[in-house]
1. In the range 198-219, how many are farther than 27 Å from T167 by Cα and outside any loop (DSSP other than H, G, I, E, B)?
2. Name every residue in the range 41-76 that is of a type in the set (G, A, S) and touching a helix residue (DSSP H, G or I) at 6+ places or on another chain (Cβ under 8 Å), in order of residue number.
3. Determine whether the range 134-141 contains at least one residue that is at pLDDT 95 or above and touching a Pro at 6+ places or on another chain (Cβ under 8 Å).
4. Of all residues in the range 43-99, which are among the acidic types (D, E) and either without any contact (Cβ under 8 Å) to a residue 60 or more places away in the chain or open to solvent by 20 Å² or more (accessible area, probe 1.4 Å) (or both)?
5. For the subset of the range 10-33 comprising residues that are within 17 Å of the chain's Cα centre (by Cα) and farther than 10 Å from G246 by Cβ, which member is surrounded by the fewest Cβ atoms within 10 Å (Cβ to Cβ)?
6. Taking the range 227-255 as the search range and keeping residues that are of a type in the set (S, T, N, Q) and modelled with pLDDT of 95 or more, which one is surrounded by the most Cβ atoms within 10 Å (Cβ to Cβ)?
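The values are calculated or read from the model by the stated rules, or taken from the named source; none is laboratory data. This one's a predicted model, so the numbers in the text were calculated from it and none came from an experiment. All Cβ positions, even for glycine, are placed from backbone atoms using ideal geometry, and neighbour counts span all protein chains on display. Just so you know, the surface numbers come from the protein's heavy atoms only, side chains and all, with ligands and any DNA or RNA stripped out. Shrake-Rupley method; radii C 1.70, N 1.55, O 1.52, S 1.80 Å.
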Amino acid sequence: MHHSTIRFDERSPAKGLVFSVGQMRRVDAFAIEELGLPGLILMEHAALALREACRELSPEDAPVCVLVGPGNNGGDGLALARLLHTENSARSIRSVLLAPGKSSGDAGTNLRVLDSLRDRSDGRVRIEEDLPDLLDEGSLVVDAMFGSGLDRPLEGRFEEAVRWTETQHARGCRVLAVDVPSGLNADTGEPVKGGAGRDSATVRADRTVTLGGVKRGLANDGSRVWTGGVSVGDIGVARWVLEKFGEADEVGDQG
């Protein structure tokens, strides 16, 4: 099936491939463990792809609020916040840590750098732990809470953040999801199921940048209600590595 709402860069190494969550984990592990590619480089590539989507979704002076989860998805969001500040240091950028103290490894490195920028930004870069009441009209919300590995429904502060995002979206803010909208099962393209078949609260994005390659669930057109338009973000991994773990499937814009 041809999925015209999935966009690839014309030089994307991931064209014509789809990945399960497990297969994409193996891509990351092979790149880091076998090829010696630092995880920070993968994260930086992800952030660069996300920055391109931000440029398309919102004016360069629009305020940004990044919802930061505990893992590498949150790290991608923190790296994006830094890049956006680098691009326009007058822009208001806030990062909301929904799992304070849980950013470690490469995500922790990006948090430390952003923290240093915050101290020198005259208040334009903020790192907070509480969701703001209302964002300025025209703001961009970045969902960097959970990526493709989520296996249980969101709860607590994360479920609250999904509801908060819905409120901002209804007021005219744009929403960008990192890898997959938080709450979505990347293998099925439907909300993660919990006990008694309960669906997870799930972010509804205007745009999703799925990282490395198309997740199998995003090849399901029914997922668009949550993902919005989907583009594929290159993470700096060669075509032969992606072919080693992915499966051939003619998805998206092959131009």
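1. Qualifying residue count for the region: 4.
2. Those that are of a type in the set (G, A, S) and touching a helix residue (DSSP H, G or I) at 6+ places or on another chain (Cβ under 8 Å): A46, A47, G69, G71, G74, G75.
3. yes
4. The answer is E44, E52, E56, E60, D61, E87.
5. R25
6. T227
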